[in-house]
Amino acid sequence: MLFPMSVVTRIAPSPTGDPHVGTAYIGLFNHTLAQQSGGRFILRIEDTDRNRYVPDSEKRIFQMMAWLGLTPDESPLQGGPNGPYRQSERFSLYGDYARQLVASGHAYYAFETSDELAALREQAQQEGHVIAIPSRDLDPAQAQARVDAGEAAVIRLKVDRDGETVVNDLLRDPIHFANTEIDDKVLLKADGFPTYHLANVVDDHLMEVTHVVRAEEWITSTPIHVLLYRAFGWAEPVFAHMPLLRNADKSKISKRKNPTSVEWYQQQGYLPEAMLNFLATMGWTHPEGQELFDLAEFQRVFRLEDVTLGGPVFDLAKLRWYNGKYLREVLSEDEVARRLHAFLAQNKVDLPLDDSFRAVTRLMTPRIDVFADFMDKTAYFWSDDYPTDEKAQKAIDAGKELLPDLAAKLKNLPVWEAASIKQMFHDYAEEKGLKMGKVMPPVRAAVAGTMESPDLPEMLEALGRERVAARVEKAAR
RNA sequence: GGCCCCAUCGUCUAACGGUUAGGACACUACCCUUUCAAGGUAGCGAUACGGGUUCGAAUCCCGUUGGGGUCACCA
């Protein structure tokens, strides 16, 4: 299936908190779909709930998208022909559309208070049907008069009391909803702000969105949207509801059970490429079984209809593996060093981006999955003040009598390179009739304070002759 | 609870009526080896259950069970 016309997609996050990994997930597919057809990918901010509004949230959503390389074609930042892209700035639009529906008989003014609604809801619950709003049966002219007189009112969608509404979802069979199961949703709140349902449909239409690709949690409100499109006389877009990312217990992914803020992943030193690659495999697999692929490749082969519908568990272990793979096999050594350096700088670790840093990075890359692991495992490279753990101390004690010899030989080695250092160890082991497993450990323990460290000759080369000699001599005492 | 969606190894998934049900992560073992990793090899491990349809079902249909979502003047 290819979309012949150009596809216009969007994500519509609410600025209510941390930039969510689910937004990134949905963003990936929307961005890709638009790119594939040479269409447009819109980022619209749905900030109609003033109570939940978090001021810097919007900025952080932009940053997340930029970090991932999912830059929108139109957004509050970029602007575009269909702006403004913040619903709060489109405020005046929605009232007119809502009133248009009242005029055409598709919606009505409702005056119930929240207490009354609570009682009605409880009653409806007990009687086993959807809430019925008394205002629905008010005479339109009288209702209008009350509104004109200044009485507080909301505008509700007037849903037919019989028949059914069918939602066509690209990924599923048609979904049938009996209209009796759909309640008369509020479209315009008493404060004049639109609810999600109204604003979303109006904006998607005005912005010429052709494909609504969003999370599965929206399925049950889609019949309302379909009804709205019909009431306005607008063509409905293609709907595709993606599976919801899950916690290990299969519930909808949540802050309490998983890191859901993309900023957390940035702070841990995950690579955006790895994150994207991992996210792409949530509900989709590369047709050739390829595990590693970049955004361009994803765009080349992705087909919406191949998305699977089981709720994918967000497995941090697998994400870590992807990240390690990118570090080891995708990015160049130089690139890894540069990114690691930038990461450390952001964390107030000031190291020069020099050959020594690059050498340590090269040695450590196979030993870390994410950048956050780096400093913990490399303390002995940056300071002489590093801890010596129990195992290392035992190794030092066991080989103490060899250390003076070794210190001298290291000091006097003509060439300070891994190869010659290695040769020296070989020669010395042979001379003493010892195994390498006997001569190397005390030195390793002395210079690193831990047995968990890189190849010894290479590590010594990276450390430099002076530090090595000093540390070995110190341990020999 | 009503409505809706979903269902292959622990996890992500492949299979588009015919395969010893494949791969990846994780786990285990072995190899490599100066430690730890990385890498290599192997192992463990699944079609939720019950009925149909069919020569033949993981695949199609029905039911059951299980999981999830949703029932706001939040999105």
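The values are calculated or read from the model by the stated rules, or taken from the named source; none is laboratory data. This one's a predicted model, so the numbers in the text were calculated from it and none came from an experiment. Heads up, the Cβs are rebuilt from the backbone with ideal geometry, glycines too, and the neighbour counts pull from every protein chain shown. SASA here: full protein model, heavy atoms, side chains in, ligands and nucleic acids out. Shrake-Rupley method; radii C 1.70, N 1.55, O 1.52, S 1.80 Å.
State whether one or more residues within segment A:384-392 are closer than 19 Å to A:Asp455 by Cβ, open to solvent by 40 Å² or more (accessible area, probe 1.4 Å), assigned to a helix (DSSP H, G or I) and in contact (Cβ under 8 Å) with a residue 40 or more places away in the chain.
yes
Search segment A:66-122 for residues being of a type in the set (A, V, I, L, M) and away from RNA strand B (no atom under 16 Å from the Cβ), and hand back the single one that is surrounded by the most Cβ atoms within 10 Å (Cβ to Cβ).
A:Leu70
Looking only at segment A:345-366, count how many residues are open to solvent by 30 Å² or more (accessible area, probe 1.4 Å), assigned to a helix (DSSP H, G or I) and hydrophobic (A, V, I, L, M, F, W, C).
Total meeting the criteria: 1.
More than 15 Å from RNA strand B (Cβ to nearest atom), part of a helix (DSSP H, G or I) and within 30 Å of A:Val330 (Cα to Cα): which single residue out of A:Met375, A:Met459 fits that description?
A:Met375
Counting just the residues of segment A:167-185 that are over 32 Å from the mean Cα position of the chain (by Cα) and open to solvent by less than 70 Å² (accessible area, probe 1.4 Å), which one comes out farthest from RNA strand B (Cβ to nearest atom)?
By that ranking, first place goes to A:Asn179.
Quick one: what pairs do we get from segment A:413-430, first residue in contact (Cβ under 8 Å) with a residue 24 or more places away in the chain, second hydroxyl-bearing (Ser, Thr, Tyr), C-beta under 9 Å, 6+ apart or different chains?
Sorted first by the residue in segment A:413-430, then by its partner, the pairs are A:Leu413/A:Ser420.
Does A:Asp369 count as of a type in the set (D, E, K, R), within 16 Å of RNA strand B (Cβ to nearest atom), buried (at least 20 other Cβ atoms within 10 Å of the Cβ) and at pLDDT 95 or above? Outline the logic, then answer.
Details: of a type in the set (D, E, K, R): yes; within 16 Å of RNA strand B (Cβ to nearest atom): yes; buried (at least 20 other Cβ atoms within 10 Å of the Cβ): yes; at pLDDT 95 or above: yes.
Yes; evaluated as a whole, the condition is true for this residue.
Which residues, counting only those in segment A:333-344, are without any contact (Cβ under 8 Å) to a residue 24 or more places away in the chain and open to solvent by 60 Å² or more (accessible area, probe 1.4 Å)? Spell out how you get there, then give the answer.
Going residue by residue through segment A:333-344, those that are without any contact (Cβ under 8 Å) to a residue 24 or more places away in the chain are A:335, A:338, A:341-342.
Result: A:Arg338, single match.
Looking only at residues that are under 19 Å from the mean Cα position of the chain (by Cα) and more than 6 Å from RNA strand B (Cβ to nearest atom) in segment A:303-319, which one is most open to solvent (accessible area, probe 1.4 Å)?
For segment A:303-319, the residue satisfying everything is A:Leu316.
Does segment A:196-210 contain at least one residue that is surrounded by fewer than 21 Cβ atoms within 10 Å (Cβ to Cβ) and within 14 Å of RNA strand B (Cβ to nearest atom)?
yes
Test A:Phe293 against the stated conditions and say whether it is among the aromatic types (Phe, Trp, Tyr), more than 10 Å from RNA strand B (Cβ to nearest atom), at pLDDT 95 or above and not in a helix (DSSP H, G or I).
Yes: the conditions hold for A:Phe293.
Need pairs with beta-carbon distance below 7 Å; first residue in the same structural domain as A:Arg320 (by TED's automatic domain parsing) and within 16 Å of A:Val7 (Cβ to Cβ) and within segment A:282-306, second surrounded by 12 or more Cβ atoms within 10 Å (Cβ to Cβ) and not hydrophobic (A, V, I, L, M, F, W, C); sequence gap 6+ or separate chains.
Hits for this filter: A:Phe298/A:Thr32; A:Gln299/A:Thr32; A:Gln299/A:Gln35; A:Gln299/A:Gln36; A:Phe302/A:Thr32.
Can you name every residue in segment A:123-140 that is surrounded by 12 or more Cβ atoms within 10 Å (Cβ to Cβ) and within 8 Å of RNA strand B (Cβ to nearest atom)?
A:His129, A:Val130, A:Ile131
Specify which of the listed residues (A:Ala199, A:Ala235, A:Ala248) is modelled with pLDDT of 95 or more and over 20 Å from A:Asn82 (Cα atoms).
Answer to the check: A:Ala248.
From the list A:Ala240, A:Ala235, which one is under 30 Å from A:Lys158 (Cβ atoms), without any contact (Cβ under 8 Å) to a residue 12 or more places away in the chain and either outside any helix (DSSP H, G or I) or open to solvent by less than 10 Å² (accessible area, probe 1.4 Å) (or both)?
After ruling out the rest, the residue left standing is A:Ala235.
Select from segment A:428-440 the residues that are over 14 Å from A:Pro457 (Cβ atoms) and open to solvent by less than 70 Å² (accessible area, probe 1.4 Å) and write down the one among them that is nearest to RNA strand B (Cβ to nearest atom).
A:Gly437
What number of residues within segment A:447-456 satisfy the criterion of being outside any helix (DSSP H, G or I) and within 8 Å of RNA strand B (Cβ to nearest atom)?
Of the residues in segment A:447-456, 6 are outside any helix (DSSP H, G or I) and within 8 Å of RNA strand B (Cβ to nearest atom).
Can you tell me which residue within segment A:217-257, out of those that are under 18 Å from A:Pro19 (Cα atoms) and in contact with a helix residue (DSSP H, G or I) (Cβ under 6 Å, 6 or more places away or on another chain), is nearest to RNA strand B (Cβ to nearest atom)?
If we take residues in segment A:217-257 being under 18 Å from A:Pro19 (Cα atoms) and in contact with a helix residue (DSSP H, G or I) (Cβ under 6 Å, 6 or more places away or on another chain), then A:Leu244 is nearest to RNA strand B (Cβ to nearest atom).
For segment A:121-140, give me each residue that is modelled with pLDDT under 95 and not in a loop (DSSP other than H, G, I, E, B).
Once the filter is applied, which keeps residues that are modelled with pLDDT under 95 and not in a loop (DSSP other than H, G, I, E, B), segment A:121-140 yields A:Arg121, A:Glu122, A:Gln123, A:Ala124, A:Gln125, A:Gln126, A:Glu127.
Looking at segment A:151-162 only, could you name the residues that are modelled with pLDDT of 95 or more and more than 7 Å from RNA strand B (Cβ to nearest atom)?
A:Glu151, A:Ala153, A:Ile155, A:Arg156, A:Leu157, A:Lys158, A:Val159, A:Asp160
Only residues that are open to solvent by less than 10 Å² (accessible area, probe 1.4 Å) and closer than 14 Å to A:Met282 by Cβ: list them for segment A:18-34, please.
If the condition is that a residue be open to solvent by less than 10 Å² (accessible area, probe 1.4 Å) and closer than 14 Å to A:Met282 by Cβ, then A:Val21, A:Ala24, A:Tyr25, A:Gly27, A:Leu28, A:Phe29, A:Thr32 are the ones that fit.
If we keep just the residues of segment A:141-160 that are among the charged types (D, E, K, R) and part of a helix (DSSP H, G or I), which is least open to solvent (accessible area, probe 1.4 Å)?
Restricting to residues being among the charged types (D, E, K, R) and part of a helix (DSSP H, G or I), the top hit is A:Arg146.
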